[in-house]
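Q: My structure is below; once you've seen it, I'll send some questions.
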Amino acid sequence: MSVFLTKFLRNMNSILCVEHNTSRRDLLKVLGALGIAGSLPALSQALQPTKKSLRLAYMTDMHIVSGGRGSDAGIAMTLAHLQKNEKPELILTGGDNLTGTMGQELASAIGMRDRWIKVFRDAHKIPMIHCIGNHDVWGWNKQTSKATGNEALYGKNWSKEQFQMDKLYYSVERGGWKIIVLDTVREFENRYQGGLDDAQFEWLTGEVKTKLPTLVLCHIPVTGISPLLVGAGRLETDFNVPFGSCFRDQHRVVKLFDENKNVKLVLGGHTHFEEELTFNGITYYNGGAVSGAWWRTVEADLERRDKTDGIPRLTRSRNSYSMIDLNADGTFKIDRKLTNWKPQSAS
Ligand SMILES: [Fe+2]
Ligand SMILES: [Fe+2]
């Protein structure tokens, strides 16, 4: 192909400024008129977009629950929705696939996990990248779980088995991006706090030194407004930050990202609020929840919580997932998708 012809086709493509297939059709007409239509198949590469893209579905806080709230059907419906309408190349799960595992007896936790495997993990062929949530750890509440701590599945061994993972924090490269998955759940007084231990922070410090645009996947958000709001009922002074809702060590992690501007997008879940915050040029995005208000109507969730402590609560996420297009030049686009799930029970 001559240099002239290549330039001509590129120019035509930008002038037409339309979808690839339409450009090709129009160009066939033009080239036909010029008597060089037969050259088109060999020239089609000139029409390819210069930016590669990876299309992700981000599904966080699916929450298999007990009782009659229909979580299994809701997750199946969400999966069908995104496969039919969005066609992701990859699914990122943001944690909290189960509910209450930390304080449940083992048999009950296993029953819940097996339902999740059936309804989600084994129900599609789309590659997945998992991040664990606080509800994907077994037994830390020893009083209610009756765990001794010596069981093979105790704590995060459970998470490894559930997600079939050797490591709970790791990185992969996909579509010209680096994807860093963090384990954001730290054991604290029979429950948990958000953040990284020193070993993981040191590892992360090495991982962000890359030339690739980088996405960081977390369950508990690094920082944001929603962690403050979700813990508002427990605030006793103006400046108590609820570390069950965000990173205890958010200052050093935000600073690390600030110093490595290849970090473009930091995902979180956990709070069941949707939020997009740009801080020093880095986007911190909370994906709401596939389960919305844990598969209740948001109204029922508000009422239930008001009865618990009498503090007015904010409306949680509607049932949703997010589609994220990652472009190889480091730009991205996020599109939140409501599933319009109708809760089957207000309880
Ligand atoms: Fe959650
Ligand atoms: Fe969570």
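The values are calculated or read from the model by the stated rules, or taken from the named source; none is laboratory data. The structure presented is a predicted model; accordingly, all values stated were derived computationally and were not measured. Please note: Cβ atoms are built from the backbone with ideal geometry, for glycine as well, and neighbour counts cover all protein chains shown.
Q: Looking only at region 284-336, filter to residues that are of a type in the set (Val, Ile, Thr) and more than 16 Å from ligand 2 (Cβ to nearest atom); which one of those is modelled with the lowest pLDDT? Steps first, please.
A: Start the filter on region 284-336 by keeping residues that are of a type in the set (Val, Ile, Thr), which leaves 290, 297-298, 308, 311, 315, 324, 331, 334.
Within this subset, residues satisfying the condition of being more than 16 Å from ligand 2 (Cβ to nearest atom) are 297-298, 308, 311, 315, 324, 331, 334.
Working: 297: 85, 298: 78, 308: 63, 311: 69, 315: 86, 324: 98, 331: 97, 334: 98.
The residue in question is 308.
Q: Filter region 248-272 down to residues that are closer than 27 Å to residue 187 by Cα and assigned to a loop (DSSP other than H, G, I, E, B) and give me whichever is nearest to ligand 2 (Cβ to nearest atom).
A: Across region 248-272, the extreme among qualifying residues is 270.
Q: Across region 147-159, what is the total count of residues that are more than 16 Å from ligand 1 (Cβ to nearest atom) and either surrounded by 18 or more Cβ atoms within 10 Å (Cβ to Cβ) or not assigned by TED's automatic domain parsing to the domain that holds residue 113 (or both)?
A: Taking region 147-159 first, the residues more than 16 Å from ligand 1 (Cβ to nearest atom) are 147-158.
Retained after the next criterion (residues that are either surrounded by 18 or more Cβ atoms within 10 Å (Cβ to Cβ) or not assigned by TED's automatic domain parsing to the domain that holds residue 113 (or both)): 147, 153-154, 156, 158.
Adding up the residues that qualify gives 5.
Q: From the list 136, 122, which one is within 16 Å of ligand 1 (Cβ to nearest atom), within 29 Å of residue 77 (Cα to Cα) and either in the same structural domain as residue 109 (by TED's automatic domain parsing) or not acidic (Asp, Glu) (or both)?
A: Working: 122 fails: within 16 Å of ligand 1 (Cβ to nearest atom).
Only one candidate qualifies: 136.
Q: Residue by residue through region 192-211, note down the ones that are in contact (Cβ under 8 Å) with a residue 40 or more places away in the chain and more than 27 Å from residue 147 (Cα to Cα).
A: Step one: of region 192-211, the residues in contact (Cβ under 8 Å) with a residue 40 or more places away in the chain are 192-196, 201, 204-205, 208-211.
Of everything in region 192-211, those that are in contact (Cβ under 8 Å) with a residue 40 or more places away in the chain and more than 27 Å from residue 147 (Cα to Cα) turn out to be 201, 204, 205, 208, 209, 210, 211.
Q: Looking at region 96-119, which of its residues are part of a loop (DSSP other than H, G, I, E, B) and touching a Leu at 6+ places or on another chain (Cβ under 9 Å)? I'd like the intermediate steps shown before the answer.
A: Here is the first cut: in region 96-119, the residues part of a loop (DSSP other than H, G, I, E, B) are 96-100, 104-105.
Residue satisfying the conditions is 104 alone.
Q: Being free of Cβ contacts under 8 Å to residues at least 12 places away in the same chain and within 30 Å of residue 80 (Cβ to Cβ) is true for just one of 189, 161. Which residue is that? Write out each step before concluding.
A: Working: 189 fails: within 30 Å of residue 80 (Cβ to Cβ).
Answer to the check: 161.
Conditions tested, residue by residue: (1) out of contact with any Asp or Glu (no Cβ under 8 Å at 6 or more places or on another chain); (2) among the aliphatic types (A, V, I, L, M); (3) more than 16 Å from ligand 1 (Cβ to nearest atom).
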| position | (1), (2), (3) |
| --- | --- |
| 77 | yes, yes, yes |
| 82 | yes, yes, yes |
| 86 | yes, no, yes |
| 113 | yes, no, no |
| 145 | no, no, yes |
| 161 | yes, no, yes |
| 166 | yes, no, yes |
| 190 | yes, no, yes |
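Q: Report every pair of residues separated by at least 6 positions or lying on different chains whose Cβ atoms are under 6 Å apart, first residue within region 263-287 and in the same structural domain as residue 211 (by TED's automatic domain parsing) and away from ligand 1 (no atom under 16 Å from the Cβ), second of a type in the set (A, V, I, L, M) and part of a loop (DSSP other than H, G, I, E, B).
A: Matching pairs, first to second residue: 263/208; 266/222.
Q: While we're on this one: Without any contact (Cβ under 8 Å) to a residue 12 or more places away in the chain and within 23 Å of residue 267 (Cβ to Cβ) - does that describe any residue in region 116-123?
A: Yes: region 116-123 contains one or more residues that are without any contact (Cβ under 8 Å) to a residue 12 or more places away in the chain and within 23 Å of residue 267 (Cβ to Cβ).
Q: Still on this structure: Being over 23 Å from the mean Cα position of the chain (by Cα) and more than 15 Å from residue 152 (Cβ to Cβ) is the filter; apply it to region 96-110 and report the residue that is farthest from ligand 2 (Cβ to nearest atom).
A: Ranking the candidates gives 105 first.
Q: Across region 209-224, what is the number of residues that are surrounded by 19 or more Cβ atoms within 10 Å (Cβ to Cβ), over 11 Å from residue 264 (Cβ atoms) and of a type in the set (Val, Ile, Thr)? Show your work before the answer.
A: Of the residues in region 209-224, the ones surrounded by 19 or more Cβ atoms within 10 Å (Cβ to Cβ) are 213-224.
Then drop every residue that is not over 11 Å from residue 264 (Cβ atoms), which leaves 217-224.
After this cut, where a residue has to be of a type in the set (Val, Ile, Thr) as well, the list is 220, 222-223.
The number of residues fulfilling the criteria is 3.
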